[in-house]
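Enquirer: First, the structure itself, so that you have it in front of you.
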Amino acid sequence: MTVRKHVMISAVLLCVSGLLFGCSNDDPITLAPVVPVDEAPPIAVSGLNAMLTTGGGVALSWDASSSPNLRGYLVYRHKVSEQAIGLLTASPVMAARYVDSSVDQGQTYEYMVTAVNVKGLESAEATITVTVPVDTDVSTKNDRGTGLEN
């Protein structure tokens with residue numbers, strides 16, 4: 001039985017029981033909408049972290065979304081000196097990690113990761129800002145404002 005049929009049957013039973021037990025039309029029954037799991041966006045990822053790789057890229061990792069029917073994760077990048085936001089993953093990746101090897105030294109990037117379900121709905125984004133240094137240090141600042149150093 002689908003959720004809608006179940007809600008409609010429940011509403012009919014509530015109305016019938018209301019008529020039998022003295023509910024009036026002055027007290028209408030209101031039901032909260034039921035959103036099936038596949039029609040709601042997935043739970044956002046958490047714990048987004050970034051590290052500089054030995055090859056000069058940025059390695060991202062995060063805590064997986066606990067949503068059912070998860071298709072994977074999309075990773076976006078925004079070069080802070082530009083306005084465009086680009087999608088780095090052509091399709092959702094299943095692993096809770098991604099390496100961006102196409103960064104420029106001395107640039108600051110904002111990364112955004114979203115969870116995607118089988119219907120294509122995306123979660124809210126987790127963000128982290130990374131400055132790729134000219135030398136071997138990398139400094140990051142996640143969406144909670146905590147400075148991370150490698």
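Enquirer: If you go through segment 82-93 one residue at a time, do you hit one that is in contact (Cβ under 8 Å) with a residue 24 or more places away in the chain and in contact with a His (Cβ under 7 Å, 6 or more places away or on another chain)?
Expert: Yes, segment 82-93 has at least one match.
Conditions (1) modelled with pLDDT of 50 or more; (2) surrounded by 11 or more Cβ atoms within 10 Å (Cβ to Cβ); (3) farther than 27 Å from Thr108 by Cβ, marked per residue:
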residue: Thr2; (1), (2), (3): no, no, yes
residue: Ser17; (1), (2), (3): no, yes, yes
residue: Ser24; (1), (2), (3): yes, no, yes
residue: Ala32; (1), (2), (3): yes, no, yes
residue: Ala50; (1), (2), (3): yes, yes, no
residue: Thr53; (1), (2), (3): yes, yes, no
residue: Leu70; (1), (2), (3): yes, yes, yes
residue: Val80; (1), (2), (3): yes, yes, no
residue: Ile85; (1), (2), (3): yes, yes, no
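Enquirer: Looking at segment 95-119, I want the residues that are touching a residue at least 60 places away in the same chain (Cβ under 8 Å) and have a partner that is surrounded by 14 or more Cβ atoms within 10 Å (Cβ to Cβ) and of a type in the set (Asp, Glu) with Cβ atoms under 9 Å, at least 6 apart or on another chain. Which pairs are those?
Expert: Filtered contacts from segment 95-119: Tyr111/Asp100; Val113/Glu125; Thr114/Glu122; Thr114/Glu125; Ala115/Glu122; Val116/Glu122.
Enquirer: Now, a different point. Search segment 102-113 for residues being among the polar types (S, T, N, Q) and surrounded by 14 or more Cβ atoms within 10 Å (Cβ to Cβ), and hand back the single one that is farthest from Pro42 (Cα to Cα).
Expert: My answer is Gln107.
Enquirer: Within segment 38-71, track down each residue that is outside any strand (DSSP E or B) and under 12 Å from the mean Cα position of the chain (by Cα).
Expert: Scanning segment 38-71 gives Ala40, Pro41, Pro42, Ile43, Ala44, Val45, Ala64, Ser65, Ser66, Ser67.
Enquirer: Out of the residues in segment 87-101 that are loosely packed, with under 11 Cβ neighbours inside 10 Å and not aliphatic (A, V, I, L, M), state the one that is farthest from Met51 (Cα to Cα).
Expert: Ser91
Enquirer: For segment 118-130, which residues satisfy the criterion of being of a type outside the set (Ser, Thr, Tyr) and either touching a strand residue (DSSP E or B) at 6+ places or on another chain (Cβ under 6 Å) or under 13 Å from Leu52 (Cα atoms) (or both)?
Expert: Val118, Glu122, Glu125, Ala126, Ile128, Val130, listed by residue number.
The values are calculated or read from the model by the stated rules, or taken from the named source; none is laboratory data. This one's a predicted model, so the numbers in the text were calculated from it and none came from an experiment. A quick note on method: Cβ atoms are made from the backbone with ideal geometry, for glycine too, and the neighbour counts reach across all protein chains shown.
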